[in-house]
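Visitor: Here it is, the structure in full.
Please treat every number below as a calculation from the coordinates, not as lab data. In this text the structure is predicted, and so the values were computed from the model without any measurement. In this analysis, Cβ positions are derived from the backbone assuming ideal geometry, glycine residues included, and neighbour counts consider all displayed protein chains.
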Amino acid sequence: MKRALVTGGSGEIGAAICRQLAQEPLHVVVHAHRHRASAENVANQIIQAGGSASVVCFDITDAQATQHAVAEILETGPIQVLVNNAGVHDDVPMAGMRADQWNKVIAVSLFGFFNVTQPLLLPMIGTRWGRIISISSVSAILGNRGQTNYAAAKAALHGASKSLALEVASRGVTVNVVAPGMIESQMVEQTFEPKQIEAVVPMKRVGTPQEVAHLVGFLASEKAAYISGQVIGINGGMA
């Protein structure tokens with residue numbers, strides 16, 4: 001059975017992606033940083049549904065800790081599907097943004113991408129089959145007030161993924177980006193009124209984590225073998 005690693009797998013979108021990949025079927029390594037109980041809950045849901053899953057916890061911004069954790073994961077075989085889903089917000093207009101707010105958001109999305117992806121590449125390439133999928137945001141495409149840090153971090157993933165796609169294309173490995181728009185979550189519910197959502201999203205609704213997971217599941221499958229180096233929006237027509 002092929003194995004998948006999903007960073008930030010304990011969150012709402014991450015959990016949906018984990019459950020979807022388990023149906024492919026893949027053994028899913030559910031990653032968390034501080035929320036181990038949530039990751040274990042996701043893994044238990046997968047196992048109870050007849051799938052295969054395990055849990056790993058580490059800080060993807062800590063290069064040494066990540067290297068150690070990834071080495072342990074690789075002891076039982078290569079990861080052939082990697083979903084770089086972990087990301088954080090710290091929204092504030094740039095005129096009032098502190099350096100630590102900029103650095104933290106960049107570190108999780110961009111340094112985390114490198115710290116996790118780089119050591120997994122050669123083992124993945126060795127199997128002549130792999131899928132690397134990074135979760136970005138419509139903010140990286142359109143921009144968003146208060147999110148210069150977040151938009152910068154996610155837009156950087158677009159360029160990195162396009163370049164990496166060229167490097168590994170001949171080895172049976174695809175590299176793509178999924179850029180969601182407004183997706184159903186506690187944060188969206190607390191931040192936006194229904195009228196605001198209707199004004200911003202042409203489809204007049206938020207997307208669901210499962211809709212994002214379906215797209216990721218497709219990109220991780222054999223059906224998407226000729227799709228690489230792409231940024232695919234899932235945003236209800238926003239961009």
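Visitor: Take the residues in the stretch 66-85 that are surrounded by 15 or more Cβ atoms within 10 Å (Cβ to Cβ) and among the hydrophobic types (A, V, I, L, M, F, W, C), then tell me which one is nearest to Thr117 (Cα to Cα).
Guide: Leu82
Visitor: Right, something else. Inspect all residues belonging to the stretch 115-133 and state whether any of them is in contact (Cβ under 8 Å) with a residue 40 or more places away in the chain, charged (D, E, K, R), under 19 Å from Ala220 (Cβ atoms) and not in a helix (DSSP H, G or I).
Guide: There is at least one residue in the stretch 115-133 that is in contact (Cβ under 8 Å) with a residue 40 or more places away in the chain, charged (D, E, K, R), under 19 Å from Ala220 (Cβ atoms) and not in a helix (DSSP H, G or I).
Visitor: From the list Val206, Val178, exactly one residue is β-branched (Val, Ile, Thr), touching an Asp or Glu at 6+ places or on another chain (Cβ under 9 Å) and surrounded by 16 or more Cβ atoms within 10 Å (Cβ to Cβ). Which is it?
Guide: Exactly one residue qualifies, and that residue is Val206.
Visitor: Let me ask something additional. Go through the stretch 109-155 and count every residue that is over 20 Å from Gly8 (Cα atoms) and of a type in the set (Ser, Thr, Tyr).
Guide: 2
Visitor: Still on this structure: Which members of the stretch 114-143 meet the condition of being over 15 Å from Gly77 (Cα atoms) and among the charged types (D, E, K, R)?
Guide: Once the filter is applied, which keeps residues that are over 15 Å from Gly77 (Cα atoms) and among the charged types (D, E, K, R), the stretch 114-143 yields only Arg131.
Visitor: Also: Looking at (1) buried (at least 18 other Cβ atoms within 10 Å of the Cβ); (2) more than 19 Å from Val201 (Cβ to Cβ), can you tell me which one Val92 breaks?
Guide: Among (1) buried (at least 18 other Cβ atoms within 10 Å of the Cβ); (2) more than 19 Å from Val201 (Cβ to Cβ), the lone unmet condition for Val92 is (1).
Per-residue answers, yes or no, for (1) assigned to a loop (DSSP other than H, G, I, E, B); (2) buried (at least 18 other Cβ atoms within 10 Å of the Cβ):
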site	(1), (2)
Gly14	no, yes
Arg19	no, yes
Arg34	yes, no
Ala37	no, no
Asn44	no, no
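Visitor: I need the full set of residues from the stretch 68-113 which are farther than 15 Å from Val29 by Cβ, touching a helix residue (DSSP H, G or I) at 6+ places or on another chain (Cβ under 8 Å), of a type in the set (A, V, I, L, M, F, W, C) and part of a helix (DSSP H, G or I), in order please.
Guide: The answer is Met94, Trp102, Val105, Ile106, Val108, Leu110, Phe111, Phe113.
Visitor: Before we move on, is Phe192 under 14 Å from the mean Cα position of the chain (by Cα) and among the aromatic types (Phe, Trp, Tyr)?
Guide: So Phe192 fails the test.
Visitor: Identify all residues within the stretch 4-49 that are without any contact (Cβ under 8 Å) to a residue 24 or more places away in the chain and either within 17 Å of Arg131 (Cβ to Cβ) or of a type in the set (Asp, Glu) (or both); write none if there are none.
Guide: If the condition is that a residue be without any contact (Cβ under 8 Å) to a residue 24 or more places away in the chain and either within 17 Å of Arg131 (Cβ to Cβ) or of a type in the set (Asp, Glu) (or both), then Glu40 is the only one that fits.
Visitor: Still on this model: Please go through (1) crowded, with 16+ Cβ neighbours inside 10 Å; (2) within 20 Å of the chain's Cα centre (by Cα) for Gly51 and return the number of the only condition it doesn't satisfy.
Guide: (2)
Visitor: For the stretch 156-239, list the helices (runs of 4 or more DSSP H) that sit wholly inside it and hold at least 3 residues that are touching a residue at least 60 places away in the same chain (Cβ under 8 Å); which are they?
Guide: Helices (runs of 4 or more DSSP H) meeting the threshold: 209-219.
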